[in-house]
Amino acid sequence: MRFFIRTYGCQMNIYDSKVIERRLIELGHRRAGSIDDAELVIVNTCSVREHAEKRALGQIRQIASQKKRRKLTLVVIGCMASRLSDKLISEYGADYAIGANKLWQIEEIVTGKKITPPKVFTGLSSPPKTGKKPTSYVAITRGCSNFCSYCIVPYVRGPLRHRKPNEIIQEVKLLASEGVREVTLIGQNVNSYRYGETGFAELLKMVSNVEGIERIRFTTNHPKDLSDSIIEAISSLPKVAHHIHLPVQSGSNRVLKLMRRGYSREDYLTLVEKLSRNIPDIHITTDVMVGFPTESIDDFKQTVKLYQQVGFAGGFFFYYSVRPGTAASRMKDDITYEEKIRRLNIIINIGQELAEKKSKELIGTTQKVLVEERVNKRPKELRGRISCGRVVTFEGEKELIGRIVPVRITAASTWSLRGKMENNS
């Protein structure tokens, strides 16, 4: 059977799709070149933002309409399937709706056989086959128990569960044997990872000891759980990238309390100071949400001030949208759409200015680039990332893919760099 997977949303969804793809191939099925050529289409959905849901629903309707003229099975999985469930079948034309915690049911659909539900993950136990890519995600937790007032994740992905350390390391070793050189450990809140005596700092050390792995990233982090031991691990372990994504959401203590974030503006700035003192070249990126219920102009200005004070290397910016069932959905959404967009544009512009400044600071330095791929339509151009996460392009041969090479940075734009490879001798 030919299958096609369309993925929306976060790294966890990308990881889940890769795991499912690998399992389907192991069961004897093969990837289709497009949706039009597939007999089984899986749409992996996200409910974190309203916009992501609308895009996915439009795609689901479009795919379902093809069932009138050809044999096709449509399976909707992920967060939106958890939230909307049978509505996706009755109103949108899906054949199956499988929530984020029941992905093992896909194997039942394609084989017609019952399998034993796993305790933590999907039951599709093989890690994703990466092909020629030297980078891969590895999930270490599932779900979230923070219940930030605006966030739907705990409702659609369930409570936080931790994967066994030996299973994580086994997967990392397998990926390394397949040519992966960089792994990104992912979870809704990786900082809170703990299995028995093994916390996140200890897990970083274990992954660092895997032969063949040359760089380690992780996301996403929660400020309330970023411990001194984790900061020390980032500082002392050579393989751990000097980049951390640390969502702040707001610079207003009043709004942070309404968001149920569990830290104050002052707490966050203390963490930034510790990170900068212990890892001077670290790049800190963040998430910012504007237009949360009752956010005043002064609240927003405090967010702008904090963003400028920290000097973030980059950020993801959103305006608040109501997520059904969350605590914030019971608050009055009293900021107009026009005002949300106005505030969003202000913070985006500031973010781009600071990101460009951070990039230009790297001009003239020599950076270690993990070469990931060739640039499309430019056979002599290679693309990769440096420790802080910036993308670098430079001239080189395709045989360098998967290696870490020294590149001197010669030019910079907001999000990317240009460089020239130096003699490695």
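Rounded to the nearest 5, what is the percent of antiparallel bridges among the DSSP beta bridges in the chain?
35 percent
With springs connecting C-alpha atoms under 10 Å apart, model the chain as a Gaussian network and identify which of 73, 184, 365 has the largest mean-square fluctuation.
The residue with the greatest mean-square fluctuation here is 365.
For the chain, set up a GNM with springs between Cα atoms under 10 Å and report which of 192, 296, 136 has the largest fluctuation.
296
What net charge do the residues around residue 183 carry, taking every other residue with its C-beta under 11 Å from that of residue 183, with Lys and Arg at +1 and Asp and Glu at -1? It would help to have the intermediate numbers written out before the result.
On the way: positive: 173, 181, 215, 217, 239; negative: 171, 182, 214.
Taking every Cβ under 11 Å from that of residue 183, the sum is +2.
Given 379, 10, 412, which one lies farthest toward the positive end of the charge dipole of the chain, if we put +1 on the Cβ of every Lys and Arg and -1 on the Cβ of every Asp and Glu?
379
Could you give the dipole magnitude of region 127-241 about its Cα centre, charging the beta-carbon of Lys and Arg +1 and that of Asp and Glu -1, in debye to the nearest 20?
Values: 16 positive and 11 negative charges, 86 e Å.
With Lys and Arg at +1 and Asp and Glu at -1, about 420 debye.
Here are some pairs, 102/164; 54/133; 239/274; 133/420; 239/301; which of them have Cα atoms lying more than 27 Å apart in this structure? Present the calculation step by step, with values, prior to reporting the outcome.
Numbers: 102/164 19 Å; 54/133 31 Å; 239/274 20 Å; 133/420 22 Å; 239/301 38 Å.
Flagged as over cut-off: 54/133; 239/301.
Just how large is the dipole of region 2-111 about the Cα centre, in debye to the nearest 20, putting +1 at every Lys and Arg Cβ and -1 at every Asp and Glu Cβ?
On the way: 19 positive and 13 negative charges, 66 e Å.
With Lys and Arg at +1 and Asp and Glu at -1, about 320 debye.
Once the dipole of region 113-270 is set up with Lys and Arg at +1 and Asp and Glu at -1 on Cβ about the Cα centre, which of 218, 139, 235 lies farthest towards its positive end?
139
Let me have the 222 nm mean residue ellipticity of the chain computed from DSSP H runs of 4+ only, each contributing -39500 (n - 2.57), with the sum over all residues rounded to the nearest 500.
Numbers: 13 runs with 144 residues, N = 425.
Calculated at 222 nm, the ellipticity per residue is -10500 deg cm²/dmol.
Taking the alpha-carbon set of region 231-316, what are its Rg and Dmax in Å?
Looking at region 231-316, its Cα Rg and Dmax stand at 13.7, 44 Å.
Projected onto the charge dipole of the chain (+1 at Lys/Arg Cβ, -1 at Asp/Glu Cβ, origin at the Cα centre), which of 314, 44, 159 gives the Cα projection farthest towards the positive end?
44
I need the peptides 196-202, 313-319 ranked by packing, meaning the mean over residues of other C-beta atoms within 10 angstrom, with the highest value on top.
313-319, 196-202
What does the highest-first list of 389-400, 36-47 look like by mean Cβ count within 10 Å?
Numbers: 389-400: 17.2, 36-47: 21.9.
Packing proxy ranking, top to bottom: 36-47, 389-400.
When a/c is below 1.5 the answer is rounded, else prolate if a/b is larger than b/c, else oblate, so apply that to region 191-275 with a ≥ b ≥ c taken from the square roots of the Cα gyration tensor eigenvalues. Let's see the in-between values first.
Values: a/c = 2.63, a/b = 2.06, b/c = 1.28.
Here region 191-275 falls in the prolate category.
Rank 77, 346, 20 by mean-square fluctuation in a GNM of the chain with C-alpha springs under 10 angstrom and give only the top-ranked residue.
Answer for the Gaussian network model of the chain: 346.
Any read-out appearing in this document is the output of simple, stated calculations on the displayed coordinates, not a laboratory observation. Source: prediction; values computed, not measured. Glycine gets a Cβ as well: all are built from the backbone with ideal geometry, and neighbour counts include every protein chain shown.
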